[in-house]
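Accompanying notes for the structure given below.
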Amino acid sequence: WIFTLLWIVYRRHHVFYSIVGFILAILISGIHLLPNIEAYLHATRGTTEAKFLFDIYLLPLSHLVTFLAPDFFGNPGTFNYFKEGFYHEKVLYLGIVPLFFVIYELFMLKRSMSHEKFFAVAGIVTLSLGFSLSTSWFLLYQLKLPFFSTIIPSRIFFLTTFCAAILSAYGIEKYLGLPDKKKMIGILVGLGIILIYLWDLVVNYTNGPLLKEITTVSLRNLILPTKIFIAMAILLLLGIAKKLRRYVYIGLVVLTFASSAYFANKYFYFSEKRFVFPEVSVFTQLQK
């Protein structure tokens, strides 16, 4: 709501329709919201100390690595996740191809329109609020605002990934129009150096049996992101030639969908309905 209101104020377009939309949303969902608010007021959620949530889900800056390698810290789908908290509450992965175009768009902001800059600033701010920084602790926890001080703070990344998707679209649009070769190659080199550093880290950081087991997981989960990065780099460099750019675009889309499908299939379960919703004698009797 706050994000949407800021966007409306920033754009100053269709304000009346936006206000009507907010009112209708409240009226339509009121049948659920009113008892929910009443339940919240009578529950301990608003008075219970929730610092442990912020200790676990305000992420260290090292978690930025999951932009490139989502399973660097393991994956519960393969029973080797070794960090605290729930995996799905800490996901930052957009895909390596979209990540490249987000960075590319950020480097091209001087050539961007004002609304692109809005999403760039909003994306950076919301990203910072999900990490363990003094500003995040103050705004989300120490101010003790209703709801804010008892939520799982990493869910702010919903807004971050939304902004990143928009920035990525603008980035690829600029690339297809007239790519900036220097910035493009600079970003590829930068991401490549980070991947090389991660490989060096997990190969050499094996002191003790527990650390060796963990780094083996990280090592194995770096292979696929590295292959995707190499494939993306080859496609992007081929796209410098205008004649090939259309085919490169198709290749990048296929690569993005393939990596996203693999990532989803690894974690989300796909099974028969009867295993998710088993027959319960009480419900069966009620149906009769």
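The values are calculated or read from the model by the stated rules, or taken from the named source; none is laboratory data. From a predicted model like this one, the values you see are computed outputs, not experimental measurements. In this analysis, Cβ positions are derived from the backbone assuming ideal geometry, glycine residues included, and neighbour counts consider all displayed protein chains. Side chains included, ligands, DNA and RNA excluded: accessible areas come from the protein's heavy atoms. Shrake-Rupley method; radii C 1.70, N 1.55, O 1.52, S 1.80 Å.
Considering PHE107, PHE86, PHE100, the condition of being among the hydrophobic types (A, V, I, L, M, F, W, C), within 29 Å of TYR267 (Cβ to Cβ) and open to solvent by 20 Å² or more (accessible area, probe 1.4 Å) is satisfied by PHE86 alone. Report yes if some residue within the stretch 253-268 is open to solvent by 30 Å² or more (accessible area, probe 1.4 Å), more than 24 Å from LEU92 (Cα to Cα) and part of a helix (DSSP H, G or I); otherwise report no. No - not one qualifying residue is present in the stretch 253-268. State which residue is nearest to the chain's Cα centre (by Cα) when the search covers only the stretch 66-83 and only residues that are of a type in the set (A, V, I, L, M, F, W, C) and surrounded by 20 or more Cβ atoms within 10 Å (Cβ to Cβ). Filtering the stretch 66-83 for residues that are of a type in the set (A, V, I, L, M, F, W, C) and surrounded by 20 or more Cβ atoms within 10 Å (Cβ to Cβ), the one nearest to the chain's Cα centre (by Cα) comes out as PHE67.
Of all the listed residues (SER128, SER149), the sole one being modelled with pLDDT of 90 or more and within 25 Å of GLU84 (Cβ to Cβ) is SER128.
Please pick out the residue among TYR175, TYR170 that is out of contact with any helix residue (DSSP H, G or I) (no Cβ under 6 Å at 6 or more places or on another chain), surrounded by 12 or more Cβ atoms within 10 Å (Cβ to Cβ) and in a helix (DSSP H, G or I). Spell out the reasoning first.
Working: TYR170 fails: out of contact with any helix residue (DSSP H, G or I) (no Cβ under 6 Å at 6 or more places or on another chain).
Exactly one of TYR175, TYR170 is out of contact with any helix residue (DSSP H, G or I) (no Cβ under 6 Å at 6 or more places or on another chain), surrounded by 12 or more Cβ atoms within 10 Å (Cβ to Cβ) and in a helix (DSSP H, G or I), namely TYR175.
Residue-wise test of (1) touching a Phe, Trp or Tyr at 6+ places or on another chain (Cβ under 7 Å); (2) of a type in the set (S, T, N, Q); (3) under 23 Å from ARG111 (Cβ atoms).
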site: TYR175; (1), (2), (3): yes, no, yes
site: ILE185; (1), (2), (3): no, no, yes
site: VAL202; (1), (2), (3): no, no, no
site: ILE214; (1), (2), (3): yes, no, no
site: ILE223; (1), (2), (3): no, no, no
site: MET232; (1), (2), (3): yes, no, yes
site: ILE240; (1), (2), (3): no, no, yes
site: LYS243; (1), (2), (3): no, no, no
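Scanning the stretch 130-149 for residues that are touching a Phe, Trp or Tyr at 6+ places or on another chain (Cβ under 9 Å) and either surrounded by 15 or more Cβ atoms within 10 Å (Cβ to Cβ) or among the hydrophobic types (A, V, I, L, M, F, W, C) (or both) yields a total of 10. Scanning the stretch 29-52 for any residue that is surrounded by 12 or more Cβ atoms within 10 Å (Cβ to Cβ), closer than 16 Å to THR160 by Cα and not β-branched (Val, Ile, Thr) turns up nothing.
When residues in the stretch 208-237 are screened for being under 24 Å from GLU173 (Cα atoms) and loosely packed, with under 14 Cβ neighbours inside 10 Å, 2 of them pass.
Among the numbered criteria (1) among the acidic types (Asp, Glu); (2) modelled with pLDDT of 85 or more; (3) not in a helix (DSSP H, G or I), which one does GLU38 miss? Every listed condition holds for GLU38 apart from (3).
Conditions (1) free of Cβ contacts under 8 Å to residues at least 12 places away in the same chain; (2) out of contact with any Pro (no Cβ under 8 Å at 6 or more places or on another chain), marked per residue:
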{"residue": "VAL97", "(1), (2)": "no, yes"}
{"residue": "ARG111", "(1), (2)": "no, yes"}
{"residue": "PHE118", "(1), (2)": "no, yes"}
{"residue": "SER134", "(1), (2)": "yes, yes"}
{"residue": "LYS144", "(1), (2)": "yes, yes"}
{"residue": "SER154", "(1), (2)": "no, yes"}
{"residue": "ALA164", "(1), (2)": "no, no"}
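Step by step: first the residues of the stretch 238-252, then only those that are of a type outside the set (A, V, I, L, M, F, W, C) and without any contact (Cβ under 8 Å) to a residue 40 or more places away in the chain, then the one that is least open to solvent (accessible area, probe 1.4 Å). Which residue is that? The extreme case among them is GLY251. Whenever a residue of the stretch 30-54 is within 23 Å of TYR141 (Cβ to Cβ) and in contact (Cβ under 8 Å) with a residue 60 or more places away in the chain, its partners that are of a type outside the set (Ser, Thr, Tyr) and not in a helix (DSSP H, G or I), lying with C-beta atoms within less than 6 angstrom and at least six residues away or across chains, give the pairs LEU53/ILE152.
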